[in-house]
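Here the structure is laid out as structure tokens; the discussion comes afterwards.
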Amino acid sequence: MSVPDRSNRTQGIVGGAAAGAVAYVLGYLVVYVTQGDRIEEGLSGINFFADLFGGDPISTWQAAGWMFYNAHFVDVNAPSLIGGAQSGNLITQADGGSLSLLFVLPPLLLIVAGLVAGRTAGASDPADGAQAGAFVLAGYLPLAVIGAFLFRYSVGDGTVAPDLVTAVLLAGAVYPAVFGAIGGAASSLLSD
């Protein structure tokens, strides 16, 4: 076709990447702000033992990162007291039912990011919108990889961190591609 089509595609890629990055950062911040007190309370006993044995306390911002990855169904791996490792999801292990609402957060933000990407690209049909929306992956994936390393906590010879494989594949690639595409497809329906 012509230059405007290429321009719209470039705008879609840039808009999608920017929307994906904003969705990641906003998702983490929502978890940190809404769950920070709960996290600090839960860490108080753990950090007492860390101080007792000369270790660094676990930061609230790190544990909020674990919970943010848990909202993508990414388990956190931790060394076991009897050797080996264990993995778990802080959200599914919590007693409060309202905490399970965090599972809705990443899809919701990614659908909105896909809407933004589709609108930025000027998508006129659902297929074009889905393609534009899937570009939120370009902004979300790098931050998901960085976060998987940033939210690591060293304890003895082991680490507590999101499972790297599922953090990259599920949280970093599948979630933004699928939910971004859904939002992008929906954006074309809103343009009429």
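The values are calculated or read from the model by the stated rules, or taken from the named source; none is laboratory data. These figures come from a predicted structure and were not determined experimentally. Methodologically, a virtual Cβ is constructed for each residue, glycine included, from the backbone with ideal geometry; neighbour enumeration extends over all protein chains shown.
Summary of computed values
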{"item": "Cβ-Cβ under 7 Å pairs, at least 6 apart or on other chains, the stretch 112-134 side touching a residue at least 40 places away in the same chain (Cβ under 8 Å) and within 18 Å of residue 26 (Cα to Cα), far side of a type outside the set (A, V, I, L, M) and outside any helix (DSSP H, G or I)", "result": "117/135"}
{"item": "Flag for residue 179 being of a type outside the set (S, T, N, Q), over 18 Å from residue 62 (Cα atoms), modelled with pLDDT of 95 or more and part of a helix (DSSP H, G or I)", "result": "yes"}
{"item": "Selection from the stretch 165-189 of residues that are among the hydroxyl-bearing types (Ser, Thr, Tyr) and either in contact with a strand residue (DSSP E or B) (Cβ under 9 Å, 6 or more places away or on another chain) or over 19 Å from residue 25 (Cβ atoms) (or both)", "result": "166, 187, 188"}
{"item": "Checklist (1) in a helix (DSSP H, G or I); (2) in contact with a Gly (Cβ under 6 Å, 6 or more places away or on another chain); (3) more than 19 Å from residue 65 (Cα to Cα) applied to residue 123, failing item", "result": "(1)"}
{"item": "Condition met for residue 18 (hydrophobic (A, V, I, L, M, F, W, C) and either modelled with pLDDT of 85 or more or out of contact with any Pro (no Cβ under 7 Å at 6 or more places or on another chain) (or both))", "result": "yes"}
{"item": "Search result, residues across the stretch 63-100 that are surrounded by 15 or more Cβ atoms within 10 Å (Cβ to Cβ) and not aliphatic (A, V, I, L, M)", "result": "65, 66, 68, 69, 70, 72, 73, 75, 77, 79, 89"}
{"item": "Only listed residue being part of a loop (DSSP other than H, G, I, E, B), at pLDDT 70 or above and either over 13 Å from the mean Cα position of the chain (by Cα) or surrounded by fewer than 13 Cβ atoms within 10 Å (Cβ to Cβ) (or both), chosen from 39, 58, 13", "result": "58"}
{"item": "Per-region count, the stretch 135-170, residues within 28 Å of residue 185 (Cβ to Cβ) and under 15 Å from the mean Cα position of the chain (by Cα)", "result": "16"}
{"item": "Residue list for the stretch 145-163, filter: exposed (fewer than 15 other Cβ atoms within 10 Å of the Cβ) and either at positive phi or assigned to a helix (DSSP H, G or I) (or both)", "result": "146, 149, 150, 156"}
{"item": "Within the stretch 101-116, considering residues that are buried (at least 17 other Cβ atoms within 10 Å of the Cβ) and among the β-branched types (Val, Ile, Thr), the one nearest to residue 15 (Cα to Cα)", "result": "116"}
